[in-house]
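Structure record follows, encoded as structure tokens.
The values are calculated or read from the model by the stated rules, or taken from the named source; none is laboratory data. Because the structure is a prediction, the values reported are computed rather than measured. Every residue, glycine as well, gets a Cβ built from its backbone with ideal geometry; the counts of neighbours run over all protein chains shown.
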């Protein structure tokens with residue numbers, strides 16, 4: 001996961017939530033902007049990444065993109081798992 005939160009915030013979040021995968025900090029939003037997923041609207045979530053899942057193949061090529069621009073919405077897990085299995 002890539003987040004605009006700083007390393008310390010992500011470490012605290014991971015420990016508190018018992019996250020079992022790597023969290024990456026992009027506090028300057030360089031990567032987030034490169035993938036064109038920065039929320040630049042004038043809302044509470046402005047300046048952070050939209051919640052998006054990218055699925056890549058073995059060569060690192062993006063094969064699927066699941067975009068959710070509402071932070072309370074999530075793609076169907078079965079759809080994501082099906083994309084990962086391809």
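Being touching a residue at least 40 places away in the same chain (Cβ under 8 Å) and exposed (fewer than 15 other Cβ atoms within 10 Å of the Cβ) is the requirement here; does residue 8 meet it?
no
Please verify whether residue 64 is within 16 Å of the chain's Cα centre (by Cα), assigned to a loop (DSSP other than H, G, I, E, B) and free of Cβ contacts under 8 Å to residues at least 24 places away in the same chain, treating the condition exactly as stated.
So residue 64 does not fit the description; no.
Which members of the stretch 13-56 meet the condition of being assigned to a helix (DSSP H, G or I) and loosely packed, with under 12 Cβ neighbours inside 10 Å?
Selection gives 15, 16, 17, 30, 34.
Output the residues belonging to the stretch 66-86 that are surrounded by 10 or more Cβ atoms within 10 Å (Cβ to Cβ) and closer than 23 Å to residue 48 by Cα.
66, 67, 68, 69, 71, 74, 75, 80
Taking the conditions exactly as written (in the same structural domain as residue 82 (by TED's automatic domain parsing) and surrounded by 12 or more Cβ atoms within 10 Å (Cβ to Cβ)), does residue 63 satisfy them or not?
Against the criterion (in the same structural domain as residue 82 (by TED's automatic domain parsing) and surrounded by 12 or more Cβ atoms within 10 Å (Cβ to Cβ)), residue 63 qualifies.
Is it the case, given these coordinates, that residue 8 is more than 12 Å from the chain's Cα centre (by Cα), more than 25 Å from residue 81 (Cβ to Cβ) and in a helix (DSSP H, G or I)?
Spelling it out, residue 8 is indeed more than 12 Å from the chain's Cα centre (by Cα), more than 25 Å from residue 81 (Cβ to Cβ) and in a helix (DSSP H, G or I).
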